[in-house]
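What follows is a short report on a single structure.
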Amino acid sequence: MFSKPENLKMYWKELMHQCVEIGIRSLGIVIIISVFMGAVSALQTAYQLVSPLIPLSTIAQIVRDTVILEFSPTLVCIVLAGVVGSKIAGELGNMRVSEQIDALEIMGINTKTYLILPKILAAMITIPMLVIISAVLGILGGKLASVATGIVSTSQFDKGLFQYFKPFNVLFALVKSYCFAFIISSISSFYGYYVNGGALEIGRASTKSVVVSCVLILLMDYVLSSLLL
């Protein structure tokens, strides 16, 4: 897959196409999930804070850290495993079944480089960006829910948002997002590229790629947390 591209112009065009397919097309679902994820996190945190000794600004700290450390990188990537992973597996599986991949190989094109490498690179470019957007929107959703329901004031939430902030948490979230992006794109490409059979097998390959990607994301989440935290 990492051999020298035959035509850089065509590979660049394919990379940009995959960035649109993987990144821009997934933006809507990421926005919806992130805003409600932050809002629910704020409401549940406020529900559990029953002690009057704990300042209300703590809600903002908990929402901030849970969104950055876990919700945005992990939950968003699990959703993207279903959205992006199944699409990649289905696309490659359809090309394999309809013998388009065989036709490209007869033309002398390295199909692994041309079909898979742009997808993996596009995923590793766009998915960390989606995670950053998700973290910002998640915190904003938590703030909107907290202020709208009267749990905390805007000044209290902003005060808690900046208290005890660790920049390493953002770096940790980005490390997770890069690992998860590679898992999603590579596993779905593998299952789609090596499909044998017809339309039924394409569906099975898509389902299997999503299941395996989700399991490995959760496993890698635990490993990275143990190593880096």
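Bear in mind these aren't lab numbers, they're just calculated from the coordinates by the rules spelled out. Only a predicted model underlies this, so the values are computations on that prediction, with no experimental measurement involved. Note that each Cβ is placed from the backbone with ideal geometry, even for glycine, and that neighbours are counted across all protein chains shown.
Points to keep in mind about this one:
- The dipole here belongs to the stretch 8-228: it is taken about the Cα centre, uses +1 on the Cβ of Lys and Arg and -1 on the Cβ of Asp and Glu, and is about 280 debye.
- Computed helical MRE - 222 nm, the chain, DSSP H runs ≥ 4 contributing -39500 (n - 2.57), nearest 500: -24500 deg cm²/dmol
- Each of Arg96, Arg204 has some number of other Cβ atoms within 10 Å of its Cβ, and from fewest to most they run Arg204, Arg96.
- For the residues Lys112, Lys166, Lys176, a GNM of the chain with alpha-carbon springs under 10 Å puts the largest fluctuation on Lys166.
- The stretch 1-143 - Rg and Dmax from Cα coordinates, angstrom: 20.5, 73
- For the stretch 168-228, the Kirkwood hydrodynamic radius comes to 12.6 Å, computed from all pairs of different C-alpha atoms.
- Sequence-distant contacts, meaning Cα pairs under 8 Å at least 6 residues apart, place the relative contact order of the chain at 36 percent.
- Charged neighbours of Leu75, selected by a Cβ distance under 12 Å, balance to -1 (K, R count +1; D, E count -1).
- Helix 8-22 axis, angle to the chain major axis (alpha carbon atoms, nearest 10°): 40
- A dipole drawn for the stretch 8-228 from +1 and -1 charges on Cβ atoms has a positive end, and of Val170, Ile116, Ser72 the residue lying farthest that way is Val170.
- Here the average projected area of the convex hull drawn through the C-alpha atoms of the stretch 128-211 stands at 8.0 nm².
- Over the stretch 66-109, volume per residue of the alpha carbon convex hull, in Å³: 59
- Helix 117-148 axis versus longest C-alpha principal axis of the chain: approximately 20°, rounded to the nearest ten.
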